[in-house]
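Trainee: Got a structure for you, written out below as structure tokens; questions coming shortly.
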Amino acid sequence: MADNARAKRLADLIREVVAQKLQRGIKDPRLGTHVTITDTRVTGDLREATVFYTVYGDDEERKAAAAGLESAKGILRSEVGRAAGVKFTPTLTFVMDALPDTARNIEDLLDRARQSDEKVREASAGAKYAGEADPYRKPDDDETDDTAE
């Protein structure tokens, strides 16, 4: 079992090598310049690597990019093995990163919260307190109440 620092270094190297190879070495038109490698994780035994990526485009382009990455997996793995110099080159698994969808979902939720806050602000614009403006007793009020009895 390798230490976490070694796995992290290997993950960073894999991310860099795959990104450079996609940008300069792979001639597949499905991969183009709209595929971005966002993160890479390597298991503790350095046998498997998961490469997270995002695709700028619609669902059809995402599916095409996934197919392009699957077909280029062997070339990318051999390039990683050449650059890493480890005894066993990790197998690469490409996973679509959910980060952009999650960020979009959070933005939608924040917009809904802002709209709800605006409605509450508009509803409370002309509102008055149910009792007095200052509902707390003052020391002067207590003395007058005791003498009145």
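The values are calculated or read from the model by the stated rules, or taken from the named source; none is laboratory data. Just so you know, these numbers come straight off a predicted model, no measurement behind them. Note: ideal-geometry Cβ built from the backbone for every residue, glycine included; neighbour counts use all protein chains shown. These accessible areas exclude ligands, DNA and RNA; they are computed on the full protein's heavy atoms, side chains included. Shrake-Rupley method; radii C 1.70, N 1.55, O 1.52, S 1.80 Å.
Trainee: At R0 = 35 Å, how high is the FRET efficiency between PHE88 and GLU60 if r is their beta carbon distance? Nearest 0.05 is fine.
Mentor: Efficiency, from the Cβ-Cβ distance: 0.45.
Trainee: Tell me which lysines have Cα within less than 27 Å of LYS128's Cα, excluding those fewer than 8 residues away on the same chain?
Mentor: Reachable lysines: LYS119, LYS138.
Trainee: Quick one: pull the percentage of alpha-carbon pairs in region 9-142 with a separation above 20 Å.
Mentor: Roughly 60 percent, once rounded to a whole number.
Trainee: To check you understand DSSP bridge types, tell me what percent of the beta bridges within the chain (both residues inside) are antiparallel, rounded to 5.
Mentor: Of those bridges, close to 55 percent are antiparallel.
Trainee: Would you kindly calculate the mean projected area, averaged across all directions, of the convex hull enclosing the Cα atoms of region 21-82, in square nanometres?
Mentor: 4.4 nm²
Trainee: If you don't mind, there's one more thing I want to ask. Spin-label point model (7 Å from Cα, Cβ direction): what's the GLN20 to GLU70 distance in nm?
Mentor: Distance between the two pseudo-spin positions: 2.9 nm.
Trainee: A further question follows. Of LYS21/LYS73; LYS8/LYS87; LYS21/LYS87, which ones are farther than 23 Å apart at the Cα?
Mentor: Where the Cα-Cα span goes over 23 Å, no listed pair is concerned, since all stay within it.
Trainee: Select from GLY126, GLY74, ALA11 the residue farthest towards the positive end of the dipole of the chain; place +1 on Cβ of Lys and Arg, -1 on Cβ of Asp and Glu, and compute about the Cα centre.
Mentor: Among GLY126, GLY74, ALA11, the one farthest towards the positive end of the dipole of the chain is GLY74.
Trainee: Another question about this same structure. Between GLU48 and ASP134, what is the FRET efficiency for a Förster distance of 41 Å, r being their Cβ-Cβ separation, to the nearest 0.05?
Mentor: 0.05
Trainee: Which parts of region 37-71 would a label at ASP12 reach, counting a residue when its backbone N lies under 13 Å from a point 7 Å out along Cα-to-Cβ?
Mentor: Flagged as within label range: 40.
Trainee: Once fully extended, how much extra length lies between ASP28 and SER116, figured as 0.36 nm per residue of separation less the alpha-carbon to alpha-carbon distance?
Mentor: 27.0 nm
Trainee: In whole percent, how big is the carbon plus sulfur part of the accessible area of region 48-149, probe 1.4 Å, protein atoms only?
Mentor: Carbon and sulfur atoms account for 51 percent of the accessible area of region 48-149.
Trainee: What number comes out for accessible area per residue over the chain if the probe is 1.4 Å? Units Å², please.
Mentor: Accessible area per residue, the chain: 73 Å².
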